[in-house]
Structures are given as C-alpha cells and as structure tokens.
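For reference, the structure is listed below as structure tokens.
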Amino acid sequence: MTDAITTTRRSTAETDPLLDDLTTPQRDAVTHVEGPLLVLAGAGSGKTRVITRRIAHLILRVGIAPWQVAAITFTNKAAGEMRDRVTQLMSERQARALTVCTYHSLCARIIRAHAEPLGLTPGYSIYDTSDQKAAVKSALKSLDLSAGNFPPATVLATISNAKNELIDADEFTKTAFDFYSKSVARVYAKYQSVLKKNNALDFDDLLIKMVELLRDHTEVAAALRDRYQYVLIDEYQDTNHAQFMIAHALTGGPDSSQNICVTGDPDQSIYAWRGANIRNILEFESHYPAARTIRLEQNYRSTKRILAVADTLIKHNRKRRDKDLWTQNDQGDHVALVKCYNERHEAQWLVDRLTELNQQEDLAWGAMAVFYRVNSLSRVIEDALREARVPYQIARGTAFYERQEIKDSIAFLRIIANPNDEVSLARIINTPARGISDRSVKAMQAYALAHDVTMAAVVAQPAQVPALNTRAVNSIERFHKMVNAWRVQAGLAPSSVCADAGEHEPTLRFFVQQMLRESGLEQYYRKDTADPGEERIMNLGELVSSAQQFEDELERETQEMPTFTEKLMGYLEQVSLVSDVDAIDDNQGAVTLMTLHAAKGLEFPAIVMAGVEDGLLPHARSQDDDDAIEEERRLFFVGMTRAMRNLMLTFTRERTVFGQTLPAIPSRFLRELPTEHVDTRDLSDAFDPYGEFDEEDNDLMTPRAARRADALRQVDEIPPGTMVRHPSFGLGRVIAVNNVGSQTRARVEFNTAGVKTLVLQYARLERVSP
DNA sequence: GGTGTCGCTGTTTTT
DNA sequence: CAGCGACACC
C-alpha cells in the first residue's frame, strides 16, 4: 500500500497530522467516533489509510484505551500490515494493546480462554481440511457408508455451508428429504460427535462456538462487550452469517456500544461460495438504524484507463448498486489483451514482457504480479520464470504445513496439547514405525468403542486390551511414556518424580527440536531414501525456526512473559490458521504469483492476468448460475483494480487441462470491455506449437491434430438420438442440444448415471453410433 | 512391517 | 495428471 495520496487540502485554522492529508469523506470517516459507521470504499480509495488513521484518532485524540479497540481483518497478512501501519502512528506500547487479527484467530483465542464452559480444553485442536477429511472418513466408517458414494470433500462442503448459516445437525436433519441429504445429515451429526470426542473444532466451528459463547454465557458475553468498545471490520462484504452474529452480539444489542465501523465494497464480494453474505453490507443500515454511511469513491491507485475498463466491466452486473469510481491519475497506457497459442506460449510471453518492464522501464520484480483463477495454472508459469531466472514468490502459505513431515511433527505437538485428538494420534502412533501395527491399533479402537473409553485411556493402559500381544503392549507403553514425559515437561501433566518440574520451562524451540529427536522423526526422515536432497530435513529445520520466530514475536508483543503452554497452544493455533497470502513478503524483490482470490486488498504497479478464458474465468462450475457469474465478474474486477499502471490480460487458443488439450474460448467478459482502452494483439500464429517437440516426438503431431479436429466436430453435429460414451458416466443417448451463449450443451440420458447436462466443450464425449 | 505398483477418482476459489 | 487406497511382494 502506498501512502502517497493526492490530497484535496482543506484550510483549517489548526492542522492535525492525522487528518491533514485526507479528503473530506476520508476525514469524516476518521473522525466519526460514536455509533455505527459504514464506509463504502471503492477499490483503491485509501481504505486502509482511513482505518489506520481512525484507530490512531480514537486513541490519540479521543483518548480511548487501546485495549478497547479491535480491528478484524480477513488474513493474517492484512492484520500484520495494519498493525505495522498503526504502530507508526502511536507508541509501540499502545499499538501492542490493540486487538488486530482475523475473525478466526480472535475466536480461537477467546475460545481458548473460555474453553471449559464450551465443553473443550484450552489445548483443543483446530482441524484443517485434511484433518476434517479424516474425521469425515471415520464418521462414514462408523455409519457403514462408503467414501465412494459420499466423497468426504463433497460432504464437507455441504456441512460447511450449513454451518455458515448456523444450521446444526439436528436442524439439517429436519430439512433433509432425499436419501443423499438424509445420509449427509447422519454424517454431519456423527462428524460433530467425532470432533467433540477429539476435543477439536474445524474452521467453521471456531465461529459457531464464539456465537454460542456470546449467546449462552451471559457473563462472558457482557465482559467481551465491555472490553471491545470499538470494533472495526474490514472486507465486510465477505462476512458470513456467523461472523455477522459475532459482530452484532458484540456491538449491536441494547447493552452494546453500537460503536462498529465496517468497511467494504459490494463490488468486491468474492466469497459467496464460502457462505459470505453480501446482504450484511447492503443491509447494514437496517441492522444498525443509527448508522452513518460514508462513500469513498476517489481512486488513488490506478490510471484512468484501467479504472475505465474495470468500471465498464462491473457495470454489467445487474444486481448491483451503481457507484462512481473516479480518479485524478494519468490516462495511462492501454490495457493489453493478448492471445497466445497455448499455456506455454502464454507463460513465455508473460516472462518476456515482465523482463522487458524490468530491464527497459526499470520496474522492480517486486512491483509485478501474475494472477490466475485456479492454482493449477501456476505450474507452467513457475517453470517459465525459473527457466528465465526471474525471482518469484508464490502465495501458497498453507503448502508448507501440508507436507508430510510437517504434518507429522504438528501431530505430535497436538497430541501433547490435546491427548484426545485421535486424528493426530492415528497419524503418528506408528510413525516412525515403533512396533504398533495396524492390527493393534484396530484392536485398541475396538476396545475403546466396546468399553466406552477414549483411545487416550487405552494408550495409557494397553495391558487391559486382551487382543494385544506382549510385544504390542510394550511398544504402546513406550510410546505413552515418551508422550507423557513431554507433557510433564510442557506443564500439561503432573510429574511423578519431582513436584517442581514445571519451574524450568523449556523454550518452544528447544522443545520442538527435542520432540523431533526423541520421536524418531528426524532420524526417520534423515534415512529417507526418497529424499536425496534432504528437503524434508530442511523443512523440519524450518519448522524449528518458525517455532522460535513465533516465540520471539509473542514475547515481544505481550506485556507479561507467556508460559510454555501458552506458547505451545498459541503456536499450534497460528499454524492452523495460516492463509495463502501470509507467505507473501513485500520486500522479497520477487514477482508475486497468486490466485485472484488471494489478490484482494493488494496492489501492484504491473499485473498480468493469465487464462482469461471461459471455463476458467468465469469458472466452469459457475456457468449455470447467474449469481455465480456475477461473482466471477467481480473477481475479474478485483483482479483488474489491483493494477496501478500496467494491466495485461492473456488468453490462449488451446489449453491442456487434466492431460487433455482442448480449444480455449476467450472469456465472455472480454466482450464487455471498452475497446477504446484495450489494445488487442493476436500472437497465437507467431508461435510454433510443434517447436516444443523433439524430432523423435514428431509423430505426436498427427494424433494431436486429429484430436483437436474431433473435438470441434462434436460441437457441430451431435443431434438428439445420438448414442455417446462418457469416460465416467458410460453409455447414453442425447436427448437435447442447445446453445447457451458461446456454449453448446447437450442433455444426455445415461444408462446408469441418469440424465446429465453436459457442456460439449469440456465433457469428453465420444460418439458411439451414427 | 515396510515398500512398490496398480488402478481408480476427482479435479475452484480458502479461514 | 495428480493423489489416494488396496493389494501384493520383499
């Protein structure tokens, strides 16, 4: 974010450095103190600057205590940036007392402090997507449902949607009528009981438990309302129902402060799929009748041309309140629209262009970014950047924690903090191998189920399980002793030897290092022949550094010295709540690659958006739904408005997806752009697609060309009655063909899979009969 | 008890 | 073209 804002100066007798360089509406937003405030901030209108100044104004000019102010953002990166910028305006001590964090980490922290009344312990686990999948699989198994008929990912999506609406398993059951949703309802209920037994919450539960806390525990709610007198919420257009309930419970009731300030832009709402409810921002004034609304419509970021292109696009959304976004910035260059041959050509063009900007226009690598709709597009671009030796970074913060060796390590730490976490226990009870076979684990699980005790209790006393042989019992006892020793050291279990063992608390760094050694993980990965580069060992080293870094930061940020358990639980919480953009370091001096979703809230002088094609943007999964198409359009709008000076859009003639090369169709949104500001170039003929192949691969040309011709012919002639074959649905008969926009769709009645509507472009249909 | 291979499936965006 | 589960083999 740049701080250089062109100002409309207002001459006042006295000047205030907090207000001096602000426009009238910005200043109004900053100086508004009591009562609800809605700031409708268009893209690039200096929103972050307004929020930070407002916080500083509340504290330095109005005299509000910093600990009474909470600012809630969407990502940790945004929170970190906000905290940094606020810190520059006040003393470090004041800034430290502020609450600046994401919804999820705020909830996680408050839940930890009030774990008992919620039926949890402070060491509760936060389950990420893969832990959730494991929990769903275990639920499916105990209900005797197959993971094949109920793909965990799909079931989880349904459950998550319900949770976002605060619909619990009971209520979900009431609305389930068909077999599938009835089954999902049973899985939902079982999944929740698995989580409960494991002393674990998923991401959605963090919000739900917070709602529960504020609703059912009146003293706690009163204390929280009393503490957070001034609440600011960023990106309000992307809040879901649960998040609204939390904000409203803190600020909206009759006993509440009403001091809520939300900022957002309905045109940048891009998370409806995740339960975000755009009505929260549209109906703010009815939720808070006393609300004042301020509009920030002057853009300080982009050139006139970029803004005109983005504005023309977004005006195609029908469900939209019109607004005027304007700028005093230069006219600027045309937006470039480039047609390439395929994704490799696209990547090559983009790397050449960025290099040109770097060398000829002296633009730093860090000033450039590449956006795409889906993560899978990054690979080819990464390859091209690497080959050209252009430094780049990729917004994939969660990737590190998805690695096997890191998940193993985290599972050990979780087991220490939360003995009931059976998902983590299952992961590491025999990793590295310590003589506890699958059979033994199954026997323990069966015993636990039959005697209604926890796995943790069985692990503590394995001798009581008759099905276990002596060797297995010994191995389990050794495992339990090891974990228990760590717990004692962490102050989480009483010491049997000396009473004051807790006096010398280890550092988190030392503790993690020791765990890696004593668990055998380090040794195990060191000997791993599949890891010749010792990448995994390096990752374990990185994990130790991250623990130390967390420890250092925590000690710097809190007034009192945190205890070891606080450090451990805080670390586990942080690790569970990382987001992809958190990996981005603004001072890396590298080109940044990220999805359009991750780009929200950022800005770059030069941006390339790759893969602007139908099926990608708008995404194929959005094509049947008008609301979804509008969201895709907003996504495009968000991407474009991140650009300050240079905006380049690329699409291809053909693209290889899932190993299949298909003709690509330019995005329908491209037709909505104003031609006078767009410079279109077709480079697809200037690329020799066969230049990619070595001589001996030349015979690949024929089938490839033939396949392309095939795909095209299908679109033309597939009259009703034609028998076709689909790779997964099998044989079927075409019952109707129609054109929707640029797409041909066919309704096909399959012998076994029923009637499906397929987009010919993407469905790999094969003609069987004439 | 650990490792390798085969074949299947599911492929958006994320706290 | 993944990543996973099931299975067989060492």
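The values are calculated or read from the model by the stated rules, or taken from the named source; none is laboratory data. The structure presented is a predicted model; accordingly, all values stated were derived computationally and were not measured. Heads up, the Cβs are rebuilt from the backbone with ideal geometry, glycines too, and the neighbour counts pull from every protein chain shown.
So the values come out like this:
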item: Matching option when the condition is in contact with a Gly (Cβ under 8 Å, 6 or more places away or on another chain) and surrounded by 13 or more Cβ atoms within 10 Å (Cβ to Cβ), among A:Arg434, A:Arg509; result: A:Arg434
item: Count of the range A:614-641 residues which are buried (at least 21 other Cβ atoms within 10 Å of the Cβ) and either more than 16 Å from DNA strand B (Cβ to nearest atom) or more than 23 Å from the chain's Cα centre (by Cα) (or both); result: 3
item: Pick from the range A:119-160, criterion of a type in the set (A, V, I, L, M) and surrounded by fewer than 17 Cβ atoms within 10 Å (Cβ to Cβ), ranking: modelled with the lowest pLDDT; result: A:Ala147
item: Residue in the range A:254-290 that is surrounded by the most Cβ atoms within 10 Å (Cβ to Cβ), counting only those that are of a type in the set (Asp, Glu) and not in a loop (DSSP other than H, G, I, E, B); result: A:Asp267
item: Among the residues listed as A:Ser576, A:Ser519, the single one being among the polar types (S, T, N, Q), more than 16 Å from DNA strand C (Cβ to nearest atom), farther than 27 Å from A:Lys77 by Cβ and surrounded by 13 or more Cβ atoms within 10 Å (Cβ to Cβ); result: A:Ser519
item: Count of residues meeting criterion [without any contact (Cβ under 8 Å) to a residue 60 or more places away in the chain, touching a strand residue (DSSP E or B) at 6+ places or on another chain (Cβ under 8 Å) and not polar (S, T, N, Q)] in the range A:267-300; result: 1
item: Filter result (farther than 30 Å from A:Ile64 by Cβ, touching a residue at least 24 places away in the same chain (Cβ under 8 Å) and outside any helix (DSSP H, G or I)) within the range A:175-227; result: A:Asn198, A:Asn199, A:Ala200, A:Leu201, A:Asp202
item: Criterion: in contact with a helix residue (DSSP H, G or I) (Cβ under 7 Å, 6 or more places away or on another chain), under 19 Å from A:Ala583 (Cβ atoms) and either more than 16 Å from DNA strand C (Cβ to nearest atom) or not in a helix (DSSP H, G or I) (or both) - qualifying residue of A:Arg396, A:Arg414, A:Arg434; result: A:Arg396
item: Residue satisfying all of: in the range A:123-140; assigned to a helix (DSSP H, G or I) and among the polar types (S, T, N, Q); nearest to DNA strand C (Cβ to nearest atom) among these; result: A:Ser130
item: Some residue of the range A:153-176 being within 16 Å of DNA strand C (Cβ to nearest atom) and out of contact with any helix residue (DSSP H, G or I) (no Cβ under 8 Å at 6 or more places or on another chain); result: yes
item: Residue list for the range A:141-171, restricted to those being assigned to a helix (DSSP H, G or I), more than 13 Å from DNA strand B (Cβ to nearest atom) and under 16 Å from A:Asp202 (Cβ atoms); result: A:Ala162, A:Ala169
item: Residues of the range A:630-650 classified as within 21 Å of A:Pro605 (Cα to Cα) and not aliphatic (A, V, I, L, M), total; result: 9
item: Members of the range A:342-356 found to be of a type outside the set (S, T, N, Q) and surrounded by fewer than 22 Cβ atoms within 10 Å (Cβ to Cβ), listed by number; result: A:Arg344, A:Asp352, A:Arg353, A:Glu356
item: Cβ pairs under 9 Å, 6+ apart, first in the range A:128-157 and within 28 Å of A:Ala108 (Cβ to Cβ) and touching a residue at least 60 places away in the same chain (Cβ under 8 Å), second of a type in the set (Val, Ile, Thr) and within 10 Å of DNA strand B (Cβ to nearest atom); result: A:Asp128/A:Thr398
item: Hits in the range A:128-140 (condition: in contact with a strand residue (DSSP E or B) (Cβ under 8 Å, 6 or more places away or on another chain) and more than 10 Å from DNA strand B (Cβ to nearest atom)); result: A:Asp131, A:Ala135
item: Residue list for the range A:639-650, filter: among the hydrophobic types (A, V, I, L, M, F, W, C) and not in a strand (DSSP E or B); result: A:Met640
item: Failed criterion for A:Ala308 (all others in (1) in contact with a helix residue (DSSP H, G or I) (Cβ under 9 Å, 6 or more places away or on another chain); (2) part of a helix (DSSP H, G or I); (3) surrounded by fewer than 21 Cβ atoms within 10 Å (Cβ to Cβ) hold); result: (3)
item: Residue that is β-branched (Val, Ile, Thr) and free of Cβ contacts under 8 Å to residues at least 40 places away in the same chain, where the choices are A:Val441, A:Val483; result: A:Val441
item: Members of the range A:618-648 that are among the β-branched types (Val, Ile, Thr) and farther than 18 Å from A:Ala367 by Cα; result: A:Ile629
item: Residue that is farthest from DNA strand C (Cβ to nearest atom) [pool: residues in the range A:651-689 that are among the small types (Gly, Ala, Ser) and assigned to a loop (DSSP other than H, G, I, E, B)]; result: A:Ser667
item: Test: residue in the range A:642-653 that is within 16 Å of DNA strand B (Cβ to nearest atom), closer than 30 Å to A:Asp333 by Cβ and either at pLDDT 95 or above or surrounded by 14 or more Cβ atoms within 10 Å (Cβ to Cβ) (or both); result: yes
